[in-house]
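Only one structure is covered here, and it is reproduced in the block below.
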Amino acid sequence: MLGFGVDIGGSGIKGCLVDLEKGELQGERLRIETPQPALPQAVYDVVARIVGHFEWQGRVGVTFPGVLKQGVAHTAANVDKTWLGTDVAAGLDAVLPGGVQTLNDADAAGVAEMRYGAGRDKRGVVLMLTFGTGIGSALFTDGVLVPNTEFGHIQVDGEDGERRASAAAREREDLSYPEWARRVDRYLDVLEAGVWPDLIIVGGGVSKKAHKWVPLLSTRTPVVPAELLNDAGIVGAALAAEEHIGQ
């Protein structure tokens with residue numbers, strides 16, 4: 001069974017057909033630079049262009065880097081502020097032939113990991129964290145998504161956790177992996193105290209180098225790297241469209 005997912009990011013918008021049986025991209029994905037400024041209509045047009053490239057006529061799952069409630073954007077931490085209050089679902093529905101399912105980008109990655117990756121068949125409380133420009137989060141209880149958890153913004157020593165522990169912070173401050181791991185450890189200490197997860201899955205580009213920093217963590221919770229890597233958002237979006245997961 002095929003589905004289609006599009007992942008909207010701050011620097012690029014990418015989409016592809018997805019084999020929903022295997023949780024894998026079907027063919028080569030298409031990536032187009034995110035318009036600058038990334039205004040809603042300009043982004044909608046890029047999404048429509050990607051979908052049209054594949055001649056896909058069915059329902060499409062689309063991720064958004066912010067909180068979505070009933071398809072409306074309530075946060076826009078790393079995209080243009082004109083998105084605030086925008087009905088993202090309605091805007092996309094107007095340019096896509098088969099309808100749309102919208103959801104938070106980290107939630108989409110988590111949905112994919114829970115179905116096909118590191119969270120497969122895992123029960124209890126599972127927390128997915130994506131380390132990139134910020135820190136995205138997706139929380140699951142017995143496999144069911146609790147949408148729009150913005151755990152990157154929990155306060156750690158007086159500031160947003162993602163300010164010190166994101167992958168961008170590591171690059172910005174030229175931190176070694178051991179130095180950065182200490183910051184991630186502190187962030188996870190605070191998060192564990194409030195959530196008490198049974199498993200933590202770490203994604204984003206740094207998950208490809210998990211061996212350099214995950215073994216240095218002192219969390220009581222097992223921490224494992226994500227398996228779908230950069231395809232997780234697209235795969236999760238396609239699955240969400242098929243099963244009507246999200247907001």
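The values are calculated or read from the model by the stated rules, or taken from the named source; none is laboratory data. A quick note: this is a predicted structure, and the numbers were derived from the prediction, not measured. Note that we place each Cβ from the backbone using ideal geometry, even for glycine, and neighbour counts take in every protein chain shown. The protein model used for the area step is the full one, side chains on, heavy atoms only, and it has no ligands, DNA or RNA in it. Shrake-Rupley method; radii C 1.70, N 1.55, O 1.52, S 1.80 Å.
Tell me which of these residue 231 doesn't satisfy, since it passes every other one: (1) over 16 Å from residue 18 (Cα atoms); (2) touching a Leu at 6+ places or on another chain (Cβ under 6 Å); (3) open to solvent by 10 Å² or more (accessible area, probe 1.4 Å).
(1)
Which residues, counting only those in the stretch 32-49, are part of a loop (DSSP other than H, G, I, E, B) and within 12 Å of residue 12 (Cα to Cα)?
34, 35, 36, 38
May I ask you to list the residues in the stretch 173-190 that are touching an Asp or Glu at 6+ places or on another chain (Cβ under 9 Å) and open to solvent by 30 Å² or more (accessible area, probe 1.4 Å)?
Matches in the stretch 173-190: 173, 179, 186, 190.
Can you tell me which residues in the stretch 67-93 are open to solvent by less than 10 Å² (accessible area, probe 1.4 Å) and either assigned to a helix (DSSP H, G or I) or of a type in the set (D, E, K, R) (or both)?
83, 88, 92, listed by residue number.
Among the residues of the stretch 191-217 satisfying the criterion of being among the charged types (D, E, K, R) and free of Cβ contacts under 8 Å to residues at least 40 places away in the same chain, which is most open to solvent (accessible area, probe 1.4 Å)?
208
Residue check: is residue 162 in a loop (DSSP other than H, G, I, E, B), touching a Gly at 6+ places or on another chain (Cβ under 8 Å) and farther than 23 Å from residue 101 by Cα?
no
If only one of 164, 220, 170 is surrounded by fewer than 14 Cβ atoms within 10 Å (Cβ to Cβ) and of a type in the set (Lys, Arg), which one is it?
Just one listed residue meets the conditions, 220.
Open to solvent by 40 Å² or more (accessible area, probe 1.4 Å) and of a type in the set (A, V, I, L, M, F, W, C) - does that describe any residue in the stretch 44-62?
yes
Give me the pairs: first residue in the stretch 177-190 and at negative phi, second residue open to solvent by 30 Å² or more (accessible area, probe 1.4 Å), beta-carbon distance under 7 Å, and six or more apart or on different chains, which are they?
From residues that are at negative phi, the pairs are 177/212; 178/216; 180/170; 181/216; 183/164; 185/218; 190/154.
For the condition of a type in the set (Val, Ile, Thr), within 30 Å of residue 244 (Cα to Cα) and assigned to a helix (DSSP H, G or I), what is the one hit in 224, 202, 184, 206?
206
Let's see how each residue does on (1) touching a His at 6+ places or on another chain (Cβ under 9 Å); (2) surrounded by 23 or more Cβ atoms within 10 Å (Cβ to Cβ); (3) at pLDDT below 95; (4) part of a helix (DSSP H, G or I):
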residue: 101; (1), (2), (3), (4): yes, yes, no, no
residue: 107; (1), (2), (3), (4): no, yes, no, yes
residue: 110; (1), (2), (3), (4): no, yes, no, yes
residue: 113; (1), (2), (3), (4): no, yes, no, yes
residue: 122; (1), (2), (3), (4): no, no, no, no
residue: 128; (1), (2), (3), (4): no, yes, no, no
residue: 133; (1), (2), (3), (4): no, no, yes, no
residue: 138; (1), (2), (3), (4): no, yes, no, no
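Which is aromatic (Phe, Trp, Tyr) and in contact with a Ser or Thr (Cβ under 7 Å, 6 or more places away or on another chain), of 54, 64?
Criteria check complete, one pass: 64.
Test residue 51 against the criterion of being aliphatic (A, V, I, L, M), touching a residue at least 24 places away in the same chain (Cβ under 8 Å) and either at negative phi or touching a helix residue (DSSP H, G or I) at 6+ places or on another chain (Cβ under 6 Å) (or both), and give yes or no.
yes
Among residues belonging to the stretch 129-178 that are within 16 Å of the chain's Cα centre (by Cα) and of a type in the set (Ser, Thr, Tyr), point out the one that is farthest from residue 63 (Cα to Cα).
Looking at the filtered set, the residue picked out is 166.
Can you tell me which residue among 119, 134, 110 is among the small types (Gly, Ala, Ser), in contact (Cβ under 8 Å) with a residue 40 or more places away in the chain and farther than 12 Å from residue 232 by Cβ?
134
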